[in-house]
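These notes are about the structure you will find just below.
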Amino acid sequence: MTIIKHYQWKCFSIEEQPHTLPDGREMAFTTLIHPGAVVIIPIDSNGDLVMVHQYRPAVKQWLLEFPAGTIESDEDILVSAQRELAEEANLAAKQWHALGELLPAPGFCDEIQYLYVVKELTPTQGELDDDEIMDVVTFSVAEIEQKIASNAIKDNKTLAAFLKARLLGYI
């Protein structure tokens, strides 16, 4: 079996690849190939969390999310996170703590999301991508928990990152 690329768009592709299952069966499996992404939880000097209120055309909704974005070709993961924090929140951070990884859609996509908590924030100038519309907002941990409970925050990477940061004692 050979790899068949069905579709290519920007840095994403849909590919059919040969795969051997754990029981030894050979099959073709179609996967959305993704370069990976970063998710950043900025914590300000008051202990509040910085989020973005971003319009997402795919779901035609405004979502509350932590700053995040796709890793560019051959870009170091931490460099990508620093770039995304500047682009989306106009912030830089002195303290960076890696929280691990998420697999957001492992049934059909190979994307890995790398999570960070950042502190000691300073203003910087970033530039949004052409298709991004967002505002920067800040909430206390209690406010975020209320928004999660009321379904005002429903972005999965934001929910998972918040939970992981909470369990690890960062917030």
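The values are calculated or read from the model by the stated rules, or taken from the named source; none is laboratory data. Keep in mind that this is a model prediction, so the values were computed, not measured. Positions of Cβ are generated from backbone atoms using ideal geometry, with glycine treated the same way; all protein chains shown enter the neighbour counts. We work out accessible area using only protein heavy atoms, side chains counted, and drop any ligands, DNA or RNA first. Shrake-Rupley method; radii C 1.70, N 1.55, O 1.52, S 1.80 Å.
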(request) Please work out which residue is surrounded by the most Cβ atoms within 10 Å (Cβ to Cβ), limiting yourself to segment 1-26 and to residues that are part of a loop (DSSP other than H, G, I, E, B) and modelled with pLDDT under 90. (result) 11
(request) Report, by residue number, each residue of segment 116-167 that is closer than 21 Å to residue 98 by Cβ and touching a Gly at 6+ places or on another chain (Cβ under 9 Å). (result) 141, 164
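Select from segment 27-58 the residues that are exposed (fewer than 11 other Cβ atoms within 10 Å of the Cβ) and at pLDDT 95 or above and write down the one among them that is farthest from residue 147 (Cα to Cα). Before you say what the answer is, go through the steps one by one.
First, the residues of segment 27-58 that are exposed (fewer than 11 other Cβ atoms within 10 Å of the Cβ): 27, 45-47, 57-58.
Then keep just the ones that are at pLDDT 95 or above; that gives 45-47.
Working: 45: 21, 46: 19, 47: 17 Å.
Out of the qualifying residues, it is 45.
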(request) Could you list, in sequence order, all residues of segment 150-171 that are small (Gly, Ala, Ser) and farther than 17 Å from residue 112 by Cα? (result) 150, 152, 165, 169
(request) Output the qualifying pairs, or none if there are none: Cβ atoms under 8 angstrom, residues six or more apart or on different chains, first residue in segment 88-103 and of a type in the set (S, T, N, Q), second residue surrounded by 19 or more Cβ atoms within 10 Å (Cβ to Cβ). (result) 95/118
(request) Tell me which of these residue 169 doesn't satisfy, since it passes every other one: (1) exposed (fewer than 15 other Cβ atoms within 10 Å of the Cβ); (2) within 25 Å of residue 12 (Cα to Cα); (3) of a type outside the set (Ser, Thr, Tyr); (4) at pLDDT 95 or above. (result) (2)
(request) Filter segment 46-93 for residues that are touching a Pro at 6+ places or on another chain (Cβ under 6 Å), among the hydrophobic types (A, V, I, L, M, F, W, C) and within 18 Å of residue 153 (Cβ to Cβ) and give the result. (result) 50, 52, 89
(request) Give the residues of segment 151-163 that are open to solvent by less than 70 Å² (accessible area, probe 1.4 Å) and either without any contact (Cβ under 8 Å) to a residue 40 or more places away in the chain or within 17 Å of the chain's Cα centre (by Cα) (or both), sorted by residue number. (result) 153, 155, 157, 158, 159, 160, 161, 162
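Tell me the residue from 108, 139 that is farther than 14 Å from residue 39 by Cβ, among the aromatic types (Phe, Trp, Tyr) and surrounded by 13 or more Cβ atoms within 10 Å (Cβ to Cβ), please. Spell out how you get there, then give the answer.
Details: 108 fails: surrounded by 13 or more Cβ atoms within 10 Å (Cβ to Cβ).
After applying the criteria, what remains is 139.
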(request) Could you tell me whether segment 62-73 includes any residue that is open to solvent by 60 Å² or more (accessible area, probe 1.4 Å), assigned to a strand (DSSP E or B), out of contact with any Gly (no Cβ under 6 Å at 6 or more places or on another chain) and without any contact (Cβ under 8 Å) to a residue 24 or more places away in the chain? (result) yes
